[in-house]
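For reference, the structure discussed in these notes is given below.
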Amino acid sequence: MTYTIGHYVGGARLAGGDRSAGIFQPATGAEQGRVQLASTEFVDSAVQVASEAQRSWSQLGSAKRARVMFKLREIIEARTDELSAIITSEHGKVLSDAAGEVARGLENVEFCAGLVHHMKGEAAEQVASGIDVLQRRQALGVVACITPFNFPAMVPLWMVTTAIAAGNAVILKPSERDPSAAIWIAEAFTEAGLPPGVLNVVNGDKEAVDALLEHPEVRAISFVGSTPIARYIYETAATRGKRVQALGGAKNHMVVMPDADLDAAADAAVSAAYGSAGERCMAVSVVVAVGDIADALVEKLAQRARTLRVGDGRDATSDMGPLITQAAKDRVLEFVDGAEGEGATIVVDGRTQDLPEAGFFVGVSLLDNVRPGMRVYDEEIFGPVLAVVRVETFDEAVRLINSSKFANGTAIFTRDGRSARQFEVAIEVGMVGINVPIPVPIGAFSFGGWKDSLFGDTHMYGPESFNFYTRRKVVTSRWLEASESQLDLGFPTNG
Ligand code: NAD
């Protein structure tokens, strides 16, 4: 039975768009549904609905808005299995991993339940004679959230929850490859008491994205996806005077120092490299082996990589599922094909493993002796390929990482506090793990990389997100007696 996914506008599912795209089941390779692709006119009508709804939503008491978040939390927690099954069916990741992404998305719902606190302004009494100053936070209006395929629930929950908590209305444009989780989330919001039109899901491709970028009533754009599209979104939205945060791709390095516990480091690297088939923006894709431990470390990585079971994400014995599309699979195989010619050593070969016949499955690859200048090092592969770069010293490791154009996450494994601290201070990367391979900050902090991994200046979710989704207004007030008034053409000073 195939299905059709339309849109969710004004609190109801809606059909719309002459064009559609296939939704595949990565585990079988079969087209399981179609998603309708919105036209520019459809986007415009959704923005009108959102704009109308936003006016009353932003005027609702903030304690009432917070209650929606509490209720949403209950709904998602109680029905995590349902949402996880949807994610696995369209994305392919194993069920436990899908549940993990839901849990990380829930953290932000929990943070947003404290919105009365996060929306508080500031005040200063008597800054000059009889003058008080206060700063309010106000919502922007309608904002657009454009999300990638690899976290079809978590990234939408990062963005839309905060935007809504801050009093905005949202147009969510999820990835057309796995759009069902976004519709599920929108329906859960409605069930939690969110008024119709505050959260709208518009499915589509470039046409819908461009319509959002051009629309004068869309005040801000939050984007997560690949670097070339992130750059395009940032430049286009900024030119049109919109607030924009655009998170891009990654190439995350994990440094292993000679003093590290090599078994713990190998466990961490293999888990972080091949989890979700490497389709995580925080996946470890490069291990930097420092000094004379490289041979021993590569051996430990290879032993572990060879034990991984690649299979259907719905099968509890699978460690790793398929990739998202046939094109993604072909791309990964092309990188592995090219690696040997470039001088890398293929230690574990993902092309020769036993895999299910149908579906977009790829085995895990471990490549040694990788260097900058090789395609497997320079480009984001976004698949189950782990590269090992050998360096002599800590300083060389730091220079290598700081030379990368990507700067999302990084980690160091060491038993030495001094190297750990030096790394923490010197490394030019947005999120750093000390003996933690995937340092995604908890919900009370914000998430974001540097350089080509993030265009804009605000990180996502947490406190920075409340800044992104609000405007600050500063009010200076004085209450004079009529007799105190006088004519004064001088520039006001704080005397
Ligand atoms: P993508 O860039 O192909 O797509 C992201 C979104 O942009 C989708 O909604 C898509 O419909 C839209 N889009 C695609 N092409 C477009 C175009 N030409 N014009 C306008 N819109 C377009 O990314 P993806 O393949 O869905 O996701 C994987 C990428 O996302 C990886 O590069 C990964 O590193 C990155 N990612 C980054 C983070 C982060 O936090 N930095 C998090 C998750 C994913």
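Below are the figures for this structure:
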quantity	calculated
Odd one out for GLN36 among (1) outside any loop (DSSP other than H, G, I, E, B); (2) surrounded by fewer than 19 Cβ atoms within 10 Å (Cβ to Cβ)	(2)
Cβ pairs under 6 Å, 6+ apart, first in region 411-430 and part of a loop (DSSP other than H, G, I, E, B), second charged (D, E, K, R) and surrounded by fewer than 16 Cβ atoms within 10 Å (Cβ to Cβ)	THR414/ASP259; ARG415/ASP259; ASP416/ASP259
Evaluation of TYR232 against (1) more than 8 Å from the ligand (Cβ to nearest atom); (2) part of a helix (DSSP H, G or I); (3) free of Cβ contacts under 8 Å to residues at least 24 places away in the same chain (one fails), failing number	(1)
Candidates VAL170, VAL155, VAL143, VAL160, filtered to the one that is part of a helix (DSSP H, G or I), modelled with pLDDT of 95 or more and more than 13 Å from the ligand (Cβ to nearest atom)	VAL160
Among (1) under 30 Å from ASP210 (Cβ atoms); (2) surrounded by fewer than 20 Cβ atoms within 10 Å (Cβ to Cβ), the one test that GLY29 misses	(1)
Leading residue by the ranking (farthest from VAL286 (Cα to Cα)) among those in region 408-419 that are surrounded by fewer than 24 Cβ atoms within 10 Å (Cβ to Cβ) and of a type in the set (Gly, Ala, Ser)	GLY417
Criterion (aliphatic (A, V, I, L, M), over 30 Å from TRP479 (Cα atoms), in the same structural domain as GLU207 (by TED's automatic domain parsing) and in contact (Cβ under 8 Å) with a residue 12 or more places away in the chain) met by exactly one of VAL142, VAL133	VAL142
Within region 283-309, considering residues that are under 27 Å from ALA85 (Cβ atoms) and surrounded by fewer than 22 Cβ atoms within 10 Å (Cβ to Cβ), the one nearest to the ligand (Cβ to nearest atom)	LEU308
Residue match in region 348-359 (condition: modelled with pLDDT under 95, outside any loop (DSSP other than H, G, I, E, B), surrounded by fewer than 16 Cβ atoms within 10 Å (Cβ to Cβ) and not hydrophobic (A, V, I, L, M, F, W, C))	no
Criterion: touching a strand residue (DSSP E or B) at 6+ places or on another chain (Cβ under 6 Å), within 19 Å of VAL170 (Cβ to Cβ) and within 11 Å of the ligand (Cβ to nearest atom) - qualifying residue of PHE447, PHE455	PHE447
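The values are calculated or read from the model by the stated rules, or taken from the named source; none is laboratory data. Only a predicted model underlies this, so the values are computations on that prediction, with no experimental measurement involved. As a convention, Cβ positions derive from the backbone with ideal geometry for all residues, glycine included, and neighbour counts pool all protein chains shown.
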